[in-house]
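For reference, the structure is listed below as structure tokens.
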Amino acid sequence: MRGVRRGGVGWYALGAVFAALAVLVRQNGIVLPAALGAYLLWEWVRRRRPFPWREGLAGILLPALALLVLMALPRLGILPARADILMWIDRDLTIEGLALKLFQLLMYMGLFLLPITAAAGVMMLFRRGGWKDVWKPALLTILAGAGALLRFFLPYRLPYIGVWRMMPYYPAVWTPFGTGSPGEWLAGEREMLFSYRFWLAITALSCLGVGLLLWPALRRRTSGAARAEDWPAGLLWLAAAANLAPVVLFSGVIYERYLLVVLVPTAALFLRAVQREGMRPAWALAGGLLALYLAFSLALTAEFVGWNGAAWRAGERLTAQGVPLEQIDGGFAWNGWHFADRLRQGERTQQEGAPAYMELFPFITRRYVVSFSPLAGYQVLGEEPYWSPLRWSWRRLYILRRTE
């Protein structure tokens, strides 16, 4: 948007990078130029500025052309049928289902944006007379809590976890077991690291985040509007809605990472509302909360990298001893790296006790298995240690061989 308004290759390049990163969350980046084109057209209709034909038409037509190509290639047999974007649209979405999806997505945004909303909320409360409005975020938080309570009594199945009733509502690398779930990435049983009380606390924080995120919408503006050139609210709303639409209409499994590109315009709209109040968030508090988020995220990432690295080292130990790759179940990542060109090939005979990902690799005999725990019918050949920052101790994976 800065590039269109003020010119300069740098802003265009920054926007291109952001759009490219958005592609990582299931090709949602395609909606960004469409939102920009629609915004420029809307600005022209309102006669606020001339329509930039080159940028505007590119923003509107390129995504439309990409959608047509994505629909045509599967029909021509060039791409598999699952690449057809139309087959992923939920045609049976009901009003109740739409409301449920929107509530769950709002809970995620409340949690992820809590450092910013809490910093703004503190400043709103401590300004003169701000305490009189405390009932508004409290009421919104209570309403979000009522929605979470209703969701609690409507249990659902979370992939690889089982029956679940609270946050996280969607599957992710972050799980009750730390990172990854039993049968998702690696064989073997795992102990629960984050208890049910922990997830209740996360759900409560999400409700608080929702109340703080929506609070400015109930406040009466007390100062002048933000400058239009600094806060293109229409573009932000279009970008948020355009990124949410594929998630809401998606008929497949939703992952929380799909919301990453929604957080940016949502945070910008919130800060715009705060600025219109003539206030600045308590950035020191925001920085402290973000530091906690960062530390926890780094610990989760280190945990994930730690046991994945141990699984890889265990697989390399077996191959160094001359064990054929077709006999090794080294986990989802190991198997996928070595047999990406052979997915689902061979007779699909699910072995007893085999993890779910083995459906992709039916040709692997699993004579040797890398596992989180000892398994029945296998003997322990060795162990591979790794450091667990979440448990702050050394843990180990097991190298197993089937007993003949």
Please go through segment 134-184 and give me each residue that is touching a residue at least 40 places away in the same chain (Cβ under 8 Å), within 22 Å of residue 311 (Cα to Cα) and outside any loop (DSSP other than H, G, I, E, B), ordered by number. 174, 178, 179
Quick check: is even one residue across segment 74-84 aliphatic (A, V, I, L, M), surrounded by 13 or more Cβ atoms within 10 Å (Cβ to Cβ) and over 30 Å from residue 284 (Cα atoms)? yes
Across (1) in a helix (DSSP H, G or I); (2) of a type in the set (D, E, K, R); (3) modelled with pLDDT under 75, residue 128 clears everything bar (1)
Of 303, 326, which residue is modelled with pLDDT under 95, in contact with a Gly (Cβ under 7 Å, 6 or more places away or on another chain) and part of a helix (DSSP H, G or I)? 303
Can you work out which of the residues in segment 377-404 that are under 27 Å from residue 344 (Cβ atoms) and not charged (D, E, K, R) is surrounded by the fewest Cβ atoms within 10 Å (Cβ to Cβ)? 377
Cβ pairs under 7 Å, 6+ apart, first in segment 185-214 and part of a loop (DSSP other than H, G, I, E, B), second surrounded by 19 or more Cβ atoms within 10 Å (Cβ to Cβ) and of a type in the set (Lys, Arg): none
Every listed condition ((1) modelled with pLDDT under 90; (2) closer than 23 Å to residue 190 by Cα) holds for residue 341 save (2)
Which count do you get for residues in segment 107-140 that are crowded, with 16+ Cβ neighbours inside 10 Å, closer than 19 Å to residue 274 by Cα and not β-branched (Val, Ile, Thr)? 18
With the first residue restricted to segment 237-259 and required to be touching a residue at least 24 places away in the same chain (Cβ under 8 Å), and the second required to be of a type in the set (D, E, K, R) and in a loop (DSSP other than H, G, I, E, B), Cβ contacts under 7 Å at 6 or more apart or on different chains are 249/90; 250/90; 251/90; 258/26
Every residue in segment 279-296 that is farther than 14 Å from residue 117 by Cβ and buried (at least 16 other Cβ atoms within 10 Å of the Cβ), please. none
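The values are calculated or read from the model by the stated rules, or taken from the named source; none is laboratory data. Since the structure is predicted, the reported quantities are computational estimates derived from the model, not experimental observations. Cβ: placed from backbone, ideal geometry, glycine included. Neighbour counts: every protein chain shown.
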